[in-house]
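Worksheet for the structure shown next.
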Amino acid sequence: MSAPVRVGTCSWADESLSKYWYPSSVKAGERLGWYATHFDTVEVDSTYYRLPVEEMVARWAERTPDGFVMHVKAFGVMTRHPVKAEQLPPELRDEAPVDEKGRVDRPPREFRAEIFRRFHEALEPLRSAGKLGGILFQLPPYVVFKDRSLEYLEWTKEQLAGDEMCVEFRHASWLDDDNRQETLRFLEQLGATHVIVDSPRMDGARNVAPTVLALTSPTLYVRFHGRNAATWNKRGGGAQERFDHLYAEEELREWVEPL
């Protein structure tokens, strides 16, 4: 029994790649094509911050070879993250309920459904080219295991209209001893992929889900977040600082047998 193994990074436009990896002769618009000569998959990070536009997605499809796969992060409204109204398409901003900080606040299902519809339509060029992998749903740490959360994930799966759903939990309640089996059973019944995360070992930190080795779909999806416990919950630190970790060979070797 065998399966293709793909290795890639989160975004081909990461600052460290731009500074230290791409040759200076490779222009910004040529980086995805150059990246695709070294890796056969990538995680699209920009779609978490803004809804993708079909014309841009078409360029992604054109600049990558046959067999290349792009996993796409769900837009923040879709994963119930705080999103500034200015991150929405202009025509949707007036109807979006916002809080005192100008963030989209508890929009109705009809509004979210429109966001899902636009997201789905924009990805058609990748879908048609056979290059669309899963849609990555990174749930925020405050979305905990409870009936309402499960119901939302069921509704989310329906909105994807057949696209693969990959779920990353960021609160320990989903995968602790009390709820682990029910969470995995739920994902399997839903036909969704459990995203396995390698992260710091931090006792008592509820915003770090335990690393649980389990398959709930034919896809095994592992994200190496790094093990920098010192910066994980540092106030004011961004993603670059949180994930600042260079894996030692022995740390990577731990994954050989499980994989």
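Brief remarks on what is shown
- Projecting label points 7 angstrom from Cα along Cα→Cβ for Ala13 and Glu241 puts them 2.4 nm apart.
- Global size of segment 1-104: 16.7, 55 Å for Rg and Dmax (C-alpha atoms, Rg to one decimal, Dmax whole).
- Percent accessible area from carbon and sulfur atoms, the chain, protein chains only, probe 1.4 Å: 49 percent
- For the residue pairs Lys101/Lys131; Lys146/Lys234; Lys157/Lys234, the alpha carbons lie more than 31 Å apart in Lys101/Lys131; Lys157/Lys234.
- At 0.890 mPa s and 25 °C, Stokes D of segment 1-40 from Kirkwood alpha-carbon radius, µm² per second: 219 µm²/s
- Put a plus charge on the Cβ of each Lys and Arg, a minus charge on the Cβ of each Asp and Glu, and nothing anywhere else: the dipole of the chain about its Cα centre is then about 460 debye.
- Applying a DSSP loop filter and a limit of 15 other Cβ atoms within 10 Å to the chymotrypsin sites (Phe, Trp or Tyr not before Pro) in segment 121-153 leaves Tyr142.
- Whole-Hz ³J(HN,Hα) from phi, Karplus 6.51 cos²θ - 1.76 cosθ + 1.60, for segment 191-196, glycine and proline x: x, 9, 8, 7, 7, 8
- When the convex hull of its Cα atoms is viewed from all sides, segment 149-259 shows a mean projected area of 8.1 nm².
- For the pair Asp40 and Glu250, label points projected 7 Å from Cα toward Cβ lie 3.2 nm apart.
- Taken per residue, the accessible surface of the chain reaches 55 Å², heavy atoms only and a 1.4 Å probe.
- Net +/- balance of residues flanking Tyr152 in space, Cβ distance below 14 Å, scoring K and R +1, D and E -1: +3
- With K and R counted +1 and D and E -1, the other residues having a Cβ less than 9 Å from that of Leu32 yield a net charge of +2.
- Taking the DSSP bridge list for segment 1-111 and keeping only pairs wholly inside it, about 20 percent are antiparallel.
- The modelled label-to-label distance for the pair Glu100/Arg185, using points 7 Å beyond Cα in the direction of Cβ, is 4.4 nm.
- Other-chain or far-sequence residues with amide H under 5 Å of Val69's (modelled H): Thr41, Val42
- Ranking by accessible area, most exposed first, for Met78, Met56, Met202 with a 1.4 Å probe: Met56, Met202, Met78
- Across the chain, Cα-Cα pairs farther apart than 32 Å form 23% of the total.
The values are calculated or read from the model by the stated rules, or taken from the named source; none is laboratory data. Keep in mind that this is a model prediction, so the values were computed, not measured. Cβ coordinates were reconstructed from backbone atoms using ideal geometry, including for glycine residues, and neighbour counts include every protein chain displayed. For accessibility, only protein heavy atoms count, side chains too; no ligands or nucleic acids. Shrake-Rupley method; radii C 1.70, N 1.55, O 1.52, S 1.80 Å.
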